[in-house]
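Each remark here refers to the structure printed beneath this line.
The values are calculated or read from the model by the stated rules, or taken from the named source; none is laboratory data. Here the structure is a predicted model, which is why all the values come from computation and not from measurement. In this analysis, Cβ positions are derived from the backbone assuming ideal geometry, glycine residues included, and neighbour counts consider all displayed protein chains.
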């Protein structure tokens, strides 16, 4: 039998390696996790690896899976995700209907975790990000969300954006009576997500804020001012131009009650 004539230390090492591989394979076949991190992605080969790398570095005792939703990418997005299969419990699933709403909904519907976390494909999270989001899901708090910042734009752009972003979250709380879920970084119990009705697959923009309206009726949304870093690519040409699209779609969705709103892609 192969390996029988090898020195004992080598045989022992091979057995340990074989057991490690078996345990890893078993772990990858799990059908239940405490947490699922859902990442919708469309042509994100440039940014996805750094997002997944930050998940590899998470300092948490929670067992979690990563679900990447490939939304008709025509680059190497799926391949980049699968390159992490030996470092993360990761799956790549497809959503053929184009758009933010259907992609997020598909990922949340397929998630196996008791808690579902939303993360964007161009976002880098800090080492205790997952622990911070999940540990704050207690008492009347049924959802948690964080602030964000950018660091890849001009000094002026990133200074202005990073200063005002958390203030805007607080302003929304004052105007609407609750904080809003930000698709780039939020967590909630699966049971409450289902009760809320989930993401609206017809929306191409503001799908996370639309979900917030229904989630806030079920319990408290907690805002945690510990920013993740996301790409400032939408603001590289002009901060005002980039912000205008978000403000315009927000007004169309929640003041004019339009459903056919669209936020252009920056890929």
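Exposed (fewer than 15 other Cβ atoms within 10 Å of the Cβ), closer than 15 Å to residue 188 by Cβ, without any contact (Cβ under 8 Å) to a residue 12 or more places away in the chain and over 16 Å from the mean Cα position of the chain (by Cα): does that describe residue 138?
Details: exposed (fewer than 15 other Cβ atoms within 10 Å of the Cβ): yes; closer than 15 Å to residue 188 by Cβ: yes; without any contact (Cβ under 8 Å) to a residue 12 or more places away in the chain: yes; over 16 Å from the mean Cα position of the chain (by Cα): yes.
Yes: the conditions hold for residue 138.
Might you let me know whether the stretch 138-151 holds any residue that is assigned to a helix (DSSP H, G or I) and either closer than 23 Å to residue 59 by Cα or touching a helix residue (DSSP H, G or I) at 6+ places or on another chain (Cβ under 8 Å) (or both)? Quick ask: steps written out before the conclusion?
Our first condition is that a residue be assigned to a helix (DSSP H, G or I); within the stretch 138-151, this holds for none.
Within the stretch 138-151, not a single residue is assigned to a helix (DSSP H, G or I) and either closer than 23 Å to residue 59 by Cα or touching a helix residue (DSSP H, G or I) at 6+ places or on another chain (Cβ under 8 Å) (or both).
Quick one: residue 157 ticks every box in (1) within 28 Å of residue 109 (Cβ to Cβ); (2) surrounded by 15 or more Cβ atoms within 10 Å (Cβ to Cβ); (3) touching a helix residue (DSSP H, G or I) at 6+ places or on another chain (Cβ under 9 Å) bar one, so which box is it?
Going through (1) within 28 Å of residue 109 (Cβ to Cβ); (2) surrounded by 15 or more Cβ atoms within 10 Å (Cβ to Cβ); (3) touching a helix residue (DSSP H, G or I) at 6+ places or on another chain (Cβ under 9 Å) one by one, residue 157 breaks only (1).
Residue 197 versus (1) in contact with a helix residue (DSSP H, G or I) (Cβ under 7 Å, 6 or more places away or on another chain); (2) touching a residue at least 40 places away in the same chain (Cβ under 8 Å); (3) surrounded by fewer than 20 Cβ atoms within 10 Å (Cβ to Cβ): which is the lone unmet condition?
(2)
Looking only at the stretch 63-110, count every residue that is part of a loop (DSSP other than H, G, I, E, B) and more than 20 Å from residue 184 (Cβ to Cβ) and tell me the total.
From the stretch 63-110, those part of a loop (DSSP other than H, G, I, E, B) are 63, 71-76, 83-89, 95-99; that's our starting set.
After this cut, where a residue has to be more than 20 Å from residue 184 (Cβ to Cβ) as well, the list is 63, 72, 74-76, 83, 85-87, 89, 96-97.
Residues in the stretch 63-110 being part of a loop (DSSP other than H, G, I, E, B) and more than 20 Å from residue 184 (Cβ to Cβ): 12 in total.
Conditions (1) modelled with pLDDT under 95; (2) within 15 Å of the chain's Cα centre (by Cα); (3) surrounded by fewer than 19 Cβ atoms within 10 Å (Cβ to Cβ), marked per residue:
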{"residue": "76", "(1), (2), (3)": "no, no, yes"}
{"residue": "79", "(1), (2), (3)": "no, no, yes"}
{"residue": "87", "(1), (2), (3)": "no, no, yes"}
{"residue": "96", "(1), (2), (3)": "no, no, yes"}
{"residue": "100", "(1), (2), (3)": "yes, yes, no"}
{"residue": "104", "(1), (2), (3)": "no, yes, no"}
{"residue": "107", "(1), (2), (3)": "no, yes, no"}
{"residue": "111", "(1), (2), (3)": "no, yes, no"}
